[in-house]
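Accompanying notes for the structure given below.
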Amino acid sequence: MNKNKYADTWLAFVNITAKQNHKFNELIDLEDISSDVSFDGAWANILVKEPDIKKAIDIIHQGLDELYFKVIFIEKIENVSSLIEYDEISDDVLSEVNWLYDSDFVFKISDRLFPYE
């Protein structure tokens with residue numbers, strides 16, 4: 001596999017909450033979760049296609065802002081090429097990376113959100 005193909009793609013682990021005047025539960029799909037629970041935020045894996053890490057961080061903020069989320073903090077951000085090199089990326093996430101790579105999009109929430117109370 002050509003890992004350099006992914007040198008401009010990042011995987012970030014981000015703690016998010018709803019923007020002011022929005023309720024977190026109204027922004028997420030509660031299909032498999034009890035609707036009696038009121039969530040404060042969630043952890044999310046975010047994929048970004050951008051060569052510059054500083055611009056990638058800006059895209060994370062902008063992309064989540066468009067979805068009415070705000071970033072509490074970014075726990076970590078890793079280059080997908082490095083994750084592939086050290087065999088630290090699952091096939092599921094890699095298939096999402098490939099989807100993003102082949103699309104015109106630059107931002108994708110990977111897998112699902114992991115909400116917390």
Pairs where the first residue, in the range 78-100, is in contact (Cβ under 8 Å) with a residue 60 or more places away in the chain and the second is open to solvent by less than 40 Å² (accessible area, probe 1.4 Å) and of a type in the set (Gly, Ala, Ser), C-beta under 6 Å, 6+ apart: Val93/Ser110
Residue count, the range 83-94 (criterion: open to solvent by 40 Å² or more (accessible area, probe 1.4 Å) and closer than 25 Å to Phe69 by Cα): 1
Any hit, the range 55-69, residues being open to solvent by less than 90 Å² (accessible area, probe 1.4 Å), in contact with a helix residue (DSSP H, G or I) (Cβ under 9 Å, 6 or more places away or on another chain) and closer than 11 Å to Trp10 by Cα: no
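Return the only residue of Glu78, Glu50 being in contact with a Leu (Cβ under 6 Å, 6 or more places away or on another chain), under 24 Å from Lys5 (Cα atoms), surrounded by 12 or more Cβ atoms within 10 Å (Cβ to Cβ) and acidic (Asp, Glu).
On inspection, the qualifying residue turns out to be Glu78.
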Residue under evaluation Ile72, criteria (1) of a type in the set (A, V, I, L, M, F, W, C); (2) modelled with pLDDT of 95 or more; (3) out of contact with any Ser or Thr (no Cβ under 7 Å at 6 or more places or on another chain); (4) surrounded by fewer than 18 Cβ atoms within 10 Å (Cβ to Cβ), criterion not met: (3)
Checking Asp104 against (1) open to solvent by less than 50 Å² (accessible area, probe 1.4 Å); (2) more than 14 Å from the chain's Cα centre (by Cα), the condition it does not meet: (1)
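The values are calculated or read from the model by the stated rules, or taken from the named source; none is laboratory data. Keep in mind that this is a model prediction, so the values were computed, not measured. In this analysis, Cβ positions are derived from the backbone assuming ideal geometry, glycine residues included, and neighbour counts consider all displayed protein chains. To get the accessible areas, we keep the full protein, side chains included, count just its heavy atoms, and leave off ligands, DNA and RNA. Shrake-Rupley method; radii C 1.70, N 1.55, O 1.52, S 1.80 Å.
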